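Written below as structure tokens is the structure these notes are about.
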Amino acid sequence: KCKVGDVVGVGALIGSCRTCHSCTNDLENYCPKAVLTEATSGGCSNFVVADEDFVFRWPEKLPLDLGAPLLCAGITTYSPLKNFGLDKPGLHVGVAGLGGLGHVAVKFLKAFGAKVTVISSSDNKKKEAIEKYGADAFLVSSNPEQMQAAAGTLSGILDTIPSAHSLLPLLNLLLPHGKLIVLGAPIEPFVLPIYPLLQGGRVVAGSATGGLKQIQEMLDFSA
């Protein structure tokens, strides 16, 4: 897989059992015995020893400095877009939050050919979302008129907000059978409103990084 002199990457995962249901289905990130790279210490080292299976071939056209965040923030957004069918051209997909995860999600969605609406609590990042990252529209979640006008328009939403917030306003933006994928990890538990799920057949799901095969796929796609 690798030879001396190759440029490679190591992501957020550096080990798994290789034999469980998750590992044998290219979902090593969900292995009960998964080993996170951050737990191995040595983050400021000049060298690292890693199992070849958890080392990724680096595309020649992908700059190292631009591509490095893909190994964590990138796969955290790429994976749910792929796994939940939100990577199809022409879909209208929302991204809640425009931080480390959110801005990468916008870039992937535009590359997939989607229409993208960024959702944020204020309009502070509107110019950045549209002019820098290419979003098509911007919704201020604290503006009832804007949220009502956009109700029932999105096929899916990636919720990247890391702090406590209500899911109801986001659920109301979804089309029937729309998907709300939660990626942020607030300490406080969510309150899950049931009727928006029942009445629209909507789905709330979670996702964490991605499997080894999918990470390599993402790197190649990004190049």
Checklist entry - Rounded if a/c is under 1.5, else prolate if a/b beats b/c, else oblate: with a ≥ b ≥ c from the C-alpha gyration tensor eigenvalues square-rooted, which is the stretch 1-132? => result prolate
Checklist entry - Which of the aspartates and glutamates could a cross-linker span from Lys33 if the Cα-Cα distance has to be under 16 Å and same-chain partners fewer than 8 positions apart are dropped? => result Asp51, Asp53
Checklist entry - So what are the ³J(HN,Hα) numbers for the stretch 148-163, from phi and the Karplus equation (6.51, -1.76, 1.60; θ = phi - 60°), rounded to whole Hz, Gly and Pro as x? => result 5, 5, 9, 4, x, 10, 10, 6, x, 9, 9, 9, 9, 5, x, 10
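Pairs of Cα atoms under 8 Å, at least six residues apart: use those to get the relative contact order of the chain, whole percent.
Working: 399 pairs, mean separation 44.7, N = 223.
For the chain, the relative contact order is 20 percent.
Where does the chain land at 222 nm, in deg cm²/dmol rounded to the nearest 500, when only DSSP H runs of n ≥ 4 count, each adding -39500 (n - 2.57), divided by all residues?
On the way: 7 runs with 53 residues, N = 223.
My calculation for the chain gives -6000 deg cm²/dmol from helical runs alone.
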Checklist entry - Taking amide hydrogens as modeled 1.01 Å from N in the peptide plane, which residues meet the under 5 Å criterion relative to Leu167, leaving out close sequence neighbours? => result Val191
Item to check | Packing-based order for 190-198, 150-158, 15-23, using average beta carbon neighbours within 10 Å, highest first | outcome: 150-158, 15-23, 190-198
Checklist entry - Using Cα atoms only, what is the angle between the long axis of helix 73-83 and the major principal axis of the chain, expressed in degrees (0 to 90) to the nearest 10? => result 70
Checklist entry - Which ³J(HN,Hα) values in Hz, rounded to whole numbers, follow from the phi angles of the stretch 20-28 under the Karplus curve 6.51 cos²θ - 1.76 cosθ + 1.60, where θ = phi - 60° and Gly and Pro get x? => result 6, 4, 5, 5, 7, 10, 6, 10, 4
Checklist entry - Straight-line reach from Lys127: which lysines have a Cα under 22 Å away, not including same-chain ones fewer than 8 places off? => result Lys107, Lys110, Lys115
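Just check the stretch 85-206 against the gyration tensor rule for me: Cα atoms, a ≥ b ≥ c as the square roots of the eigenvalues, rounded for a/c under 1.5, and otherwise prolate or oblate depending on whether a/b exceeds b/c. Intermediate results must be reported in sequence, preceding the final value.
On the way: a/c = 1.43, a/b = 1.23, b/c = 1.16.
Rounded, since a/c falls under 1.5.
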Item to check | Angstrom value of the Kirkwood radius, inverse mean 1/r, which spans all Cα pairs in the stretch 16-78 | outcome: 13.6
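Each reported figure results from applying straightforward, stated rules to the coordinates on display, with no laboratory input. Every value quoted in this text rests on a predicted model; they were computed, and no experiment measured them. Cβ: placed from backbone, ideal geometry, glycine included. Neighbour counts: every protein chain shown.
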